[in-house]
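Down below is the structure, laid out as structure tokens.
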Amino acid sequence: MTYEAPLRSNPSEGKINLNVERGASPRRDVRRDSPRPMRVNSEATEVQVHVTGAKMVAEDLHAGFGTAEILKGISLPVLDKQVTAIIGPSGCGKSTFIRCLNRMHEVVPKAWAKGRVLFDQQNILGKGVDPVLVRRRVGMVFQKPNPFPTMSIRDNVLAGIRLNGMKTKQADAEVEQRLRQVALWDEVKDNLTRSGMSLSGGQQQRLCIARSLAMEPDVILMDEPCSALDPIATARVEELIHELRSQYTIVIVTHNMQQAARVADTTAFFYMGTLVEYGDTDSIFTRPKERKTEDYITGRFG
Amino acid sequence: MIASPYRYQLRNYTDRIVRGACVVALILAIIPLGLVLYYVTAHGIGGIDLNFFTKLPTPVGENGGGMANAISGTLELVALASLFGIPPGILAGIYLSEYGDKTFGRLVRFSADVMSGIPSITIGLFVYALIVMRVKHFSAIAGAVALAIIMLPTVTRTTEELLRLVPDALREAALGLGVPRYKTTLRIVLRTALPGIATGIMLAIARVAGETAPLLFTAFSNRFWSSSVNEPTASLPVQIYTYAVSPYEDWHRQAWAAAFVLVAIVLILNLSARVLVRNKVR
């Protein structure tokens, strides 16, 4: 029942296929020429859906901690070079879901996950997959800005590269490029050696985004990236998301429905660990198909 | 309703009284520290001369001489003890903080707490039985082992506590960048907690630098230079003890001077460690 909504909405002509037309930088173009069939379903009905340009796909994903099951079978595609928003009331499993997308879920003691999460068609929950390598391809931005306090602004940007023992041809150029990408360069270019902690909250969050961009990930997961920021800083980060989506696939968890409406191409509504509705953002917010979705976005619960 | 001058004033008075009591308690706590430093400096500084740092002790009853061997002996003992005690302590602390939530971790933590309560003379006896009785002679090694055992629980627990203070957000930030866990622990978590850990370790060093009891039957003492770590070794605390209970005026003078030097050594170690690990970015 949960996963039927997206299937019903548009197996062939909906947003899912339309979005293939969206611009993407040639360097990152990994799309196939022909639509490939993919199962976005689990127990009950086996429906084949043609989803083109899905960068990641969760298939019947169950996850939780110890005996508690937080995600009760989520099937959801994450479209390439698009912004996917995940909304839903607290405790519905939004964060758990995106933390499963880069194997960060398992960092917490007693955490478990079952099902499949495909990344470029490879199951990252499968045996023999190195979570460290997954996380280099699927970066993450957290709720509270978390720059490394012992490092300067410059070193924060280079942190991933250095800690992973990779080489940068030109560190200075790299730092400038990443800070420009997040529109922070002009604000900090004279203070690159100062601590990342000396910045304001919004600047810190952009620094954290720059830090994850430096790893050149394909996907960026954002777990309520603006909930600790004021409206002005929030607007900057949202602008940034707009800029980034030509090059990156973005999944953003948010409590703020206006934010989802502003930044996302597609939106998924979670409730109690299940996916209630999934579709392009416009229809979710203007013509929700499920009663629960409508209740939630109109503020009747949650 | 809003005007209730009596209650407001009462609260103000209570505030002043309690605050005053805190200040008095603070002064009472600082007085011994101040007096110790004052006495050690006042009595000790007069006994300091070049001979004190360069000469060996004179034969019993003879004036002059110095404590060159005891000063170098103490430095040697502390260095060896740090070598034996700090690395395992830090590693155990990392284990307890990052992996130690299971039964084994609790067991280790409990043992460390029990260990830190064991009287140091008991540890001296233990090392005496363990090493000295086997090799049949006192040695700097035995003394350093005893001091290391005393340091171990302090270093372990300090490291653990300070690593726990590092927010999980930083661990996640590093893991989220695809940094392996061991590197996250060493380069981010340990690095962030380093200034605090260094301070804790310095306290542990300061404590063992002044230990006398465990050295009495491990490193023992030596009136001459010891040529290797396998020989009995002089140390400032033991020398202070010997000289202070002696009947000779000049030895009393030297005991005070030794106490002053001991305090100075601890202070210098402490300050230099702080400067070394201080966070460079502001």
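Each value in this text was obtained by applying a stated rule to the coordinates, not by laboratory testing. For clarity, every value in this text was computed on a predicted model and none was experimentally measured. Note that each Cβ is placed from the backbone with ideal geometry, even for glycine, and that neighbours are counted across all protein chains shown.
Tabulated values for the structure
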| quantity | calculated |
| --- | --- |
| Sequence-distant residues sharing a close amide H with residue A:115 (under 5 Å, placed H) | A:62 |
| Distribution of pairwise C-alpha distances over the range B:1-160, 10 Å bins, in % | 9, 18, 22, 23, 14, 9, 4, 2, 0 |
| Exposed-loop-free span, longest in chain B, where chymotrypsin sites (Phe, Trp or Tyr not before Pro) count as exposed if DSSP calls them loop and at most 16 other C-beta atoms lie within 10 Å | B:1-223 |
| Net lengthening on full extension, residue A:120/residue A:106 (0.36 nm per residue, minus Cα-Cα) | 3.0 nm |
| For the range A:255-302: rounded, prolate or oblate by the Cα gyration tensor [a/c cutoff 1.5] | rounded |
| Directionally averaged shadow of chain B, computed from the convex hull of its alpha-carbon atoms, nm² | 23.6 |
| Residues whose placed amide H lies under 5 Å from that of residue A:70, excluding near-sequence neighbours | A:63, A:64, A:65 |
| Fraction in percent of alpha-carbon pairs per bin - 10 Å, the range B:110-268 | 10, 28, 28, 18, 10, 4, 1 |
| Value of [θ]222 nm, deg cm²/dmol, for the protein assembly as shown, DSSP H segments ≥ 4, -39500 (n - 2.57) each, nearest 500 | -15500 deg cm²/dmol |
| Trypsin sites (Lys or Arg not before Pro) restricted to the range B:76-165 and DSSP loop, no more than 16 other C-beta within 10 Å | B:102, B:136 |
| Cut-off under 5 Å, modelled amide H: who pairs with residue A:55 long-range | A:78, A:79, A:80 |
| Among A:88-100, A:66-78, the order from most to least packed when residues are scored by Cβ within 10 Å on average | A:88-100, A:66-78 |
| The range A:248-258 - phi-based ³J(HN,Hα) in whole Hz, Karplus 6.51/-1.76/1.60, Gly and Pro as x | 10, 8, 10, 10, 10, 8, 8, 8, 9, 5, 4 |
| Within the protein assembly as shown, percent of DSSP bridges classed antiparallel, to nearest 5 | 65 |
| Convex hull volume per residue for the protein assembly as shown, taking Cα atoms only, in Å³ | 241 |
| Using θ = phi - 60° and Karplus 6.51 cos²θ - 1.76 cosθ + 1.60, couplings along the range A:130-142 (whole Hz; Gly, Pro as x) | 7, x, 4, 6, 4, 5, 6, 8, 10, x, 9, 10, 9 |
| Restricting the range A:172-246 to trypsin sites (Lys or Arg not before Pro) in coil, as DSSP defines it, with at most 13 other Cβ within 10 Å | A:189 |
| Integer Hz, Karplus 6.51/-1.76/1.60 couplings in order for the range B:77-92, x for Gly and Pro | 4, 5, 5, 5, 4, 5, 4, 6, x, 6, x, x, x, 5, 5, 5 |
